[in-house]
Amino acid sequence: MPRRTLIKSTLTAAALSLIALCAPSFAAATDPTEIRFENHQFNPQTLTVPAGQALSIKVVNASNETIEFESFKLNREKAVSPGESITVGLPALSTGSYDFYDDFHQDVPDGSIVAK
Amino acid sequence: MIAVLSVAAFMVAQLKPVRLTNPSPKGELSAPPEIDAVLRRACYDCHSDQTRWPWYSRVAPFSWAVAHDVNLARREVNFSEWGEYYPATRKRKLEWMERALLEEVMPPWSYRLIHPGARLSDDDRVRLERWIETELDVPANGPSAK
C-alpha cells in the first residue's frame, strides 16, 4: 500500500473512532428537555437538570403570542413565534439556579433551571 | 432582460406596505442630560418610540428590514416605555445593556456603518457603564417589583 494511502486510511480510522467515542455524550447533549409556554406561563417553572453535563432545552410556545425565552445568567435570548419551538443548547452547568423569563411579557412568572 | 426584471421586481416590492410608526411615549426614560444625549444619538432610533426613520426605510426591500429590526429592538428595550417596566425588568435590561457595552455589540456594526454618528467613543462607554452601575445599585423592590 502506498505510504500516502496508508496515512490517509489511518487518519480516517482515527477520525471515525473519535466520532464513535463521542457519540454517546453528543446524543445526550442533543436530547432536549422541554419547557412549554401556555396560559401565560412556563411549564414546568422549575426544571431540574444534571450539573456538569451539556444539554439542550426545547422551548415550545403553545400560546398565540410571540415570546422571548431569555436568561441573563445563561446568556441566552431567543424569540419564539406562536406554535413554534426552539432548541437552546447549554454548556455543562455548575450546580446552582439559573432563572429564565419571557422578556416580551414582564408579567409572566419567572422560571428557573436548577442544575444538581 | 435581467435589468428589466430587477426593475420590475423593485417596483412590485414597493407595493407591500410597511408601517413605520412612532407611538406616543408611555414612560420616557429620565436620565442625566449627558447620558440622555448619548442614548438618543446611539440607541433611540431603534430602542425608542422616537425613531428618526431614514429615507431608505421608505424604500423596499430596505423598509422591510428596518421595520423588522426596529420592532424587535423596541420589544427588547424601549426607552420610551422605561417608566412602564417593573423594577426587576429595568434591572435586567440594564444588565443586558452593560453586557452589550462590554462586548461592544451595540450599536450593531451594520448600523454604525450607515450611521457613523451613532458610534460610541470610549468616553461614551465609560459614562454609560457608570450610569448603569449607579442605576443597578438602586434596589429593585417596591409595589410593582416582580
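Of all residues being in a helix (DSSP H, G or I) and in contact (Cβ under 8 Å) with a residue 12 or more places away in the chain in region B:119-132, which is nearest to the other protein chains (Cβ to nearest Cβ)? Just the residue, please. Among them, the one singled out is B:Ile132. Considering only residues of region A:72-84 that are within 10 Å of another protein chain (Cβ to nearest Cβ) and assigned to a strand (DSSP E or B), which is nearest to A:Ile113 (Cα to Cα)? The residue in question is A:Glu77. Across region B:35-47, not a single residue is classified as over 24 Å from B:Val126 (Cβ atoms) and of a type in the set (D, E, K, R).
The rows are residues; the columns are (1) of a type outside the set (Phe, Trp, Tyr); (2) part of a helix (DSSP H, G or I); (3) more than 14 Å from chain A (Cβ to nearest Cβ); (4) surrounded by 15 or more Cβ atoms within 10 Å (Cβ to Cβ).
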site: B:Thr21; (1), (2), (3), (4): yes, no, yes, no
site: B:Leu39; (1), (2), (3), (4): yes, yes, yes, yes
site: B:Tyr56; (1), (2), (3), (4): no, yes, yes, no
site: B:Ser63; (1), (2), (3), (4): yes, yes, yes, yes
site: B:Leu94; (1), (2), (3), (4): yes, yes, no, yes
site: B:Glu98; (1), (2), (3), (4): yes, yes, no, yes
site: B:Val105; (1), (2), (3), (4): yes, no, no, no
site: B:Ser110; (1), (2), (3), (4): yes, yes, yes, no
site: B:Gly117; (1), (2), (3), (4): yes, yes, yes, no
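Quick check on region B:102-124. Is at least one of its residues aromatic (Phe, Trp, Tyr) and in contact with a strand residue (DSSP E or B) (Cβ under 9 Å, 6 or more places away or on another chain)? No: zero hits.
Read-outs throughout are calculated quantities, based only on the coordinates presented, and are distinct from any laboratory measurement. Computed from a predicted structure; not experimentally measured. No Cβ is skipped: glycine too gets one built from the backbone with ideal geometry, and neighbour counts run over all protein chains shown.
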